[in-house]
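Just below is one structure, and these are the notes that go with it.
The values are calculated or read from the model by the stated rules, or taken from the named source; none is laboratory data. A quick note: this is a predicted structure, and the numbers were derived from the prediction, not measured. Positions of Cβ are backbone-derived with ideal geometry, glycine not excepted, and every protein chain shown enters the neighbour counts. The protein model used for the area step is the full one, side chains on, heavy atoms only, and it has no ligands, DNA or RNA in it. Shrake-Rupley method; radii C 1.70, N 1.55, O 1.52, S 1.80 Å.
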Protein chains: 2
Amino acid sequence: METRNLIGYQYSKGGKAFHAVNPATGAEIKTEFNAASTADADKAMQLAAEAFETYSLTDPKTKAAFLRSIAAEINNIGDALIEQAMAESGLPAARLLGERGRTTGQLNMYAGFIEEGSWVEAVIDTAIPDRQPLPRADIRKMMVPVGPAVVFGASNFPLAFSVAGGDTCSALAAGCPVIVKAHPAHPGTSALVAEAIKKAAEANGLPQGVFSILYDDGYTVGEALVKHPHTKIVTFTGSFKGGMALVKMAQERDEPIPVFAEMGSINPIVLLPKALDNRTQELANLAAAITNNAGQFCTQPGLLLAIRSAGLDKFKAALAAAITAIDSSTMLTPGICANFNKLSTGMLADKAVSVIAKSDKLDTSKENQGIPLVTAISAAAFLADDKFKEEVFGPYTMLVVADDEAQLEAVVNSLQGQLTASVMAEKEELAQYKNITNKLAKISGRVILNGPPTGVEVGNAIQHGGPYPSTSDSRFTSVGTGAIKRFVRPVCWQNWENDLLPDELKDGNPLNIWRLVNGEMAK
Amino acid sequence: METRNLIGYQYSKGGKAFHAVNPATGAEIKTEFNAASTADADKAMQLAAEAFETYSLTDPKTKAAFLRSIAAEINNIGDALIEQAMAESGLPAARLLGERGRTTGQLNMYAGFIEEGSWVEAVIDTAIPDRQPLPRADIRKMMVPVGPAVVFGASNFPLAFSVAGGDTCSALAAGCPVIVKAHPAHPGTSALVAEAIKKAAEANGLPQGVFSILYDDGYTVGEALVKHPHTKIVTFTGSFKGGMALVKMAQERDEPIPVFAEMGSINPIVLLPKALDNRTQELANLAAAITNNAGQFCTQPGLLLAIRSAGLDKFKAALAAAITAIDSSTMLTPGICANFNKLSTGMLADKAVSVIAKSDKLDTSKENQGIPLVTAISAAAFLADDKFKEEVFGPYTMLVVADDEAQLEAVVNSLQGQLTASVMAEKEELAQYKNITNKLAKISGRVILNGPPTGVEVGNAIQHGGPYPSTSDSRFTSVGTGAIKRFVRPVCWQNWENDLLPDELKDGNPLNIWRLVNGEMAK
């Protein structure tokens, strides 16, 4: 495995050594990685800025071929990639195989998406020379890439939100070079994928600097990248604290730049009375969404909201039975596991919180086990202290029990911005709770009826991004084809020569894309 | 005239008195205005948040009727509005009549735009229950309004970028209540337009709080509005210093919010050699764009770039003749005039800067006159000091003379982000200068061939917003139908009941809008 920092098509050994940890054993993994220097970061950014001059103008077919090559090269790594990711993340093989499929799937999806080409939002208003009182000039607008993007790998998706994940994929599709700051928990997985991207870039004749990857188990390299004048955009998935530190850093630059930070969410699920009465067992299946992969998903449901009733008591019993029977799971890192234990224990330290169920199936053969836990609290107590609204990243959820509909609504109104908000309901009771369902759309980016928020669809219609503090910018999504919009801005050409316009805007529509021409959609 | 602060449908007298100044006479205007209190600001924001609950869900037809009513009520004010704006801004009647037409024109344009309805970017991926390995859920996404918007009136467009200007119009169209902080230079103009909006809101049965206006000749009210927890978005057109102060304030909130600040631009025009040779007189007509309305436009061309040549000498002479013959004009405020004199004189204090022409037609019958001035500097001197790149707001431009093409390119590469960048060229010489024209699209939001940057078209294809520091966010426009995107974010509904979906997303497309359905545009 090539463990050196990759800067364009060159390697740099780096300095301070570090090792990943196998969370299932607690032992250091032998392979040594070396933190990049700030000079490495500067070199990577210089190459990215040079690459941007040509890559920003590269035709869609070439970019699509590049993305497909990355997907193919990732598959070419074979089992070694899955084994490496298992060792570094503690995630099971089935999950990682699925995640690899999602990663290559979105690379291939984006290839088709940019080949189709309508995503540039071409708008054309043709000239009206004899308009009164003033003539109208020919004006043509489309999206263009903004410049080099710094992508921070996420711990909880070592493939799909990491080196060749959604951020890298959508940035490269837009025409932005990418510099990845690898997550220190899975450097080996990162290195394997980085080699795949390098091969794909070389095979497609792209300029060096279109991709670089730098390692660091501290903050120096990330800070150097975010502060570098050539950096035009930053993406991050992780903690609120980490995300906001980057936002602040980016705002304090001479030229402030956007940071798209997806930071955390407790993803409330409202359980309405009739659904609780009629579908106890189905609702108890939420135990899977709460605990799968140790609950380490940004859309894991950390909050259940319901009105006190006999149906709720039945559900509590069924959920308790399900949770109790679920095995503990290895968490991503010792730090994440320690934090989970600290935060979940902290919740229990409050007298207002009671235990509904805790799994008794601890796997003692492995380290860093997350043990499923469900607690309960009264709505009154929940409303009285914001600490109950904080995310406990891991296999934990809290049931908030309201006395009546008004109190349930008060709880919903008290919530901060979320990635998702769900409601479990019988159809006939939805109208009664319209105030609540309307509110769910106001505080979140995705509203779900009768389903868990986990299992984010990667498509055109998905919105993965909600009001602050769940993300730093609710106007964008980090999943699906909409994610490309984070890396572009509109430019219009006025009275321009047809031959010199981008193909997307030329007369005759040579790329055959959808365009808004004089107010009418046309192809 | 009703001079009190308007908070929803109620009036509040306010405290500290202030008066506008007639810049043409230098005398205070008699009408007294009173600064709103921070309690007034809080009340306005509370009402706006309440109004948002219903106004965000108001149907497009009602919102369109509201916008058309505002336009009609503005016209109903008649000559009194033009006379008030003349007295407060020093702008001539013809310009203000045109600006009123632009203001009512964009209100009516937006009414049609939201009635048509496709702007919500509806995307629908229908369910695929039998997809392997996992079923696909039905997911439907569209843009929804973000919440109350605080709009700062601009000094240089007392109608079109002020109380009922582009920001207010696009925010109301999106479904966001608006709280205007009136510009202290034209409170009377603001008050007349505010009454028009109030009448339109009442006539259309809209909740109070959908619009408020507050006065202040200091910073207290603006700060209270930007910092208020109910504020979700801020728009501003003005100086770099003012814009960035608001951006910083908004970033330091508990919940950071976006500020769309359009801050300044010197709008370079590259004059290519053949055009200089062949079209001397046409290019000298740039004198109008440089000096119209005392050059007080965000797109005023403050920088001309050319290579030394005999053609350039001819152009300089023609431009000098044109500038010399142009009358001085009253500037918007004594402060703006003093700043213009200070900055333009400051430029002349540098030995590297020479005068090409200064108008000798000072109107001594009026105060606060901006006197047209064009200077020249060598490219070498220009490149050596960033101070020459600063905007001189007023009837001023600087010609930068390069020795050769390489030096011209170096000058272009040295420029910061701009709203616009233009090139004057014969068609046959454009290919030779492709590096430069490509660069113009990288540093600006609008690239113009053979035309002045002033006279911004209000339409679908316009982009009025460029890279930092010309605006705080180059991904959005403040002019044209695209301006509505500043006030919205996407929300998706997953597996939702058809009857409870917004009409834009319902089966059967009841609003008959363009939607992306399973990857295909359809209506």
* To do: Kindly list the number of the only condition in (1) surrounded by fewer than 21 Cβ atoms within 10 Å (Cβ to Cβ); (2) closer than 15 Å to A:Ile29 by Cβ that fails for A:Gly101.
  => (2)
* **Options A:Gln418, A:Gln432, A:Gln369: the member that is on the phi < 0 side of the Ramachandran plot, surrounded by fewer than 22 Cβ atoms within 10 Å (Cβ to Cβ) and not basic (Lys, Arg)** => A:Gln432
* **Filter result (in contact (Cβ under 8 Å) with a residue 24 or more places away in the chain and at the interface with chain B (Cβ under 7 Å from one of its Cβ atoms)) within region A:440-454** => A:Gly445, A:Arg446, A:Val447, A:Ile448, A:Leu449, A:Asn450, A:Gly451
* Counting only residues that are among the charged types (D, E, K, R) and touching a strand residue (DSSP E or B) at 6+ places or on another chain (Cβ under 7 Å), how many does region B:481-499 have? -> 3
* **Residue that is nearest to A:Gly459 (Cα to Cα) [pool: residues in region B:127-150 that are crowded, with 23+ Cβ neighbours inside 10 Å and more than 9 Å from chain A (Cβ to nearest Cβ)]** => B:Met142
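Let's see how each residue does on (1) touching a strand residue (DSSP E or B) at 6+ places or on another chain (Cβ under 7 Å); (2) surrounded by 24 or more Cβ atoms within 10 Å (Cβ to Cβ):
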{"site": "A:Asn267", "(1), (2)": "yes, yes"}
{"site": "A:Arg279", "(1), (2)": "no, no"}
{"site": "A:Ala284", "(1), (2)": "no, no"}
{"site": "A:Leu312", "(1), (2)": "yes, no"}
* Boolean, B:Gly98 is assigned to a helix (DSSP H, G or I) and in contact with a helix residue (DSSP H, G or I) (Cβ under 8 Å, 6 or more places away or on another chain) -> no
* Asked: Which condition does B:Ile124 not pass, out of (1) within 14 Å of another protein chain (Cβ to nearest Cβ); (2) open to solvent by less than 10 Å² (accessible area, probe 1.4 Å); (3) touching a Cys at 6+ places or on another chain (Cβ under 9 Å), if it passes all the others?
  -> (3)
* Test: B:Ala425 is buried (at least 17 other Cβ atoms within 10 Å of the Cβ), facing chain A (nearest Cβ under 10 Å) and among the aliphatic types (A, V, I, L, M) -> yes
* Asked: Tell me, which residue of region A:336-364 that is open to solvent by less than 90 Å² (accessible area, probe 1.4 Å) and of a type in the set (Ser, Thr, Tyr) is farthest from the chain's Cα centre (by Cα)?
  -> A:Ser354
* In region A:480-514, residue nearest to the other protein chains (Cβ to nearest Cβ) [restricted to those that are closer than 21 Å to B:Ile124 by Cβ and crowded, with 24+ Cβ neighbours inside 10 Å] -> A:Gly482
* **Sole residue being away from chain A (no Cβ under 14 Å), open to solvent by less than 10 Å² (accessible area, probe 1.4 Å) and either touching a strand residue (DSSP E or B) at 6+ places or on another chain (Cβ under 9 Å) or assigned to a strand (DSSP E or B) (or both), chosen from B:Thr235, B:Thr231** => B:Thr235
* Asked: With respect to the numbered conditions (1) closer than 23 Å to A:Val479 by Cβ; (2) buried (at least 22 other Cβ atoms within 10 Å of the Cβ), which one is the sole condition not fulfilled by A:Ala288?
  -> (2)
* Asked: Just wondering, is there one or more residues in region A:62-75 that are in contact with a Lys or Arg (Cβ under 9 Å, 6 or more places away or on another chain) and in a strand (DSSP E or B)?
  -> no
* Can you confirm whether region A:396-409 contains a residue that is in a strand (DSSP E or B) and without any contact (Cβ under 8 Å) to a residue 40 or more places away in the chain? => no
* Residue, farthest from the other protein chains (Cβ to nearest Cβ), within region A:173-182, restricted to residues that are touching a strand residue (DSSP E or B) at 6+ places or on another chain (Cβ under 6 Å) and open to solvent by less than 10 Å² (accessible area, probe 1.4 Å) -> A:Ala182
* Asked: Quick one: A:Arg475 ticks every box in (1) out of contact with any Leu (no Cβ under 6 Å at 6 or more places or on another chain); (2) more than 8 Å from every other protein chain (Cβ to nearest Cβ) bar one, so which box is it?
  -> (2)
* **The lone exception for A:Asp167 - which of (1) of a type in the set (D, E, K, R); (2) more than 14 Å from chain B (Cβ to nearest Cβ); (3) surrounded by fewer than 24 Cβ atoms within 10 Å (Cβ to Cβ) it fails** => (3)
* Could you tell me whether A:Val517 is closer than 30 Å to B:Val423 by Cα, more than 7 Å from chain B (Cβ to nearest Cβ), open to solvent by 30 Å² or more (accessible area, probe 1.4 Å) and among the hydrophobic types (A, V, I, L, M, F, W, C)? => yes
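Listed here are the residues, each with its yes/no results for (1) in contact with a helix residue (DSSP H, G or I) (Cβ under 8 Å, 6 or more places away or on another chain); (2) among the polar types (S, T, N, Q).
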| position | (1), (2) |
| --- | --- |
| A:Gln418 | yes, yes |
| A:Met424 | yes, no |
| A:Gly445 | no, no |
| A:Ala461 | no, no |
| A:Val479 | yes, no |
| A:Asp499 | no, no |
* To do: From the list A:Glu83, A:Glu88, A:Glu116, pick out the single residue that is buried (at least 24 other Cβ atoms within 10 Å of the Cβ), charged (D, E, K, R) and out of contact with any strand residue (DSSP E or B) (no Cβ under 6 Å at 6 or more places or on another chain).
  => A:Glu88
* **Scan of region B:23-57 for residues that are outside any loop (DSSP other than H, G, I, E, B) and open to solvent by less than 30 Å² (accessible area, probe 1.4 Å), ordered by number** => B:Phe33, B:Asn34, B:Asp40, B:Ala41, B:Ala44, B:Met45, B:Leu47, B:Ala48, B:Ala49, B:Ala51, B:Phe52, B:Tyr55
* Asked: Which of the helices (runs of 4 or more DSSP H) contained wholly in region A:240-354 include at least 2 residues that are farther than 29 Å from A:Phe152 by Cα and away from chain B (no Cβ under 14 Å)?
  -> A:273-278, A:280-284, A:286-291, A:310-324, A:334-348
* Structure fact -> Within region A:379-396, residues open to solvent by 30 Å² or more (accessible area, probe 1.4 Å) and either of a type in the set (A, V, I, L, M, F, W, C) or touching a helix residue (DSSP H, G or I) at 6+ places or on another chain (Cβ under 9 Å) (or both) come out as A:Ala380, A:Leu383, A:Ala384, A:Lys387, A:Glu390, A:Glu391, A:Phe393
* Quick one: A:Pro469 ticks every box in (1) open to solvent by 10 Å² or more (accessible area, probe 1.4 Å); (2) within 8 Å of another protein chain (Cβ to nearest Cβ); (3) more than 30 Å from B:Leu57 (Cβ to Cβ) bar one, so which box is it? -> (3)
* Asked: Does B:Gly153 satisfy the criteria of being open to solvent by 10 Å² or more (accessible area, probe 1.4 Å), among the small types (Gly, Ala, Ser) and over 20 Å from B:Gly459 (Cα atoms)?
  -> no
